[in-house]
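Inspection log for the structure reproduced underneath, given as structure tokens.
The values are calculated or read from the model by the stated rules, or taken from the named source; none is laboratory data. As the structure is a computational prediction, the values presented were derived from the model and not from experiment. Positions of Cβ are backbone-derived with ideal geometry, glycine not excepted, and every protein chain shown enters the neighbour counts. Note: areas computed on protein heavy atoms with side chains; ligands, DNA, RNA excluded. Shrake-Rupley method; radii C 1.70, N 1.55, O 1.52, S 1.80 Å.
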Amino acid sequence: MGELLLQAWLREDLHKQGYVGEDLEWQFNRRMRHIPKSLQELAEEALFRQSAKLPLQLYIDSLRDKEEHVQLKRDTLSRFLQEAKQQR
């Protein structure tokens, strides 16, 4: 199975931010490490089905912890929902 839309979007986004090669892979892994596959799939589904968007948005809103990995997860998921929807 190939990359999910979230993974492809994140790679492209990091590249736009100027990351290349090993730096891009490090940043990508740093963000994806804490987003389980099921959550990645829900994020992709939320682009196409309103019924999946609400649970994902509630989950994103619940991410209030100040730890860096939690904030990275919140930022990645919310930006994906916002920007990927606009690109469609």
**Item:** Residue that is more than 13 Å from the chain's Cα centre (by Cα), surrounded by 11 or more Cβ atoms within 10 Å (Cβ to Cβ) and aliphatic (A, V, I, L, M), where the choices are Ala46, Ala52
**Value:** Ala52
**Message:** It is to be established whether one or more residues within the range 21-30 are of a type in the set (Gly, Ala, Ser) and open to solvent by 50 Å² or more (accessible area, probe 1.4 Å).
**Reply:** yes
**Asked** What number of residues in the range 72-88 are assigned to a helix (DSSP H, G or I) and open to solvent by 70 Å² or more (accessible area, probe 1.4 Å)?
**Response** 4
**Message:** Being part of a helix (DSSP H, G or I) and over 16 Å from Gln82 (Cβ atoms) is the filter here; which residues of the range 15-30 pass it?
**Reply:** His15, Gly21, Glu22, Asp23, Leu24, Glu25, Trp26, Gln27, Phe28, Asn29, Arg30
**Request:** Could you figure out which of (1) under 23 Å from Asn29 (Cα atoms); (2) touching a residue at least 24 places away in the same chain (Cβ under 8 Å); (3) open to solvent by 60 Å² or more (accessible area, probe 1.4 Å) isn't true of Glu68?
**Result:** (2)
**Message:** Just checking, does the range 5-14 include any residue being open to solvent by 70 Å² or more (accessible area, probe 1.4 Å), modelled with pLDDT of 95 or more and either in a helix (DSSP H, G or I) or not basic (Lys, Arg) (or both)?
**Reply:** yes
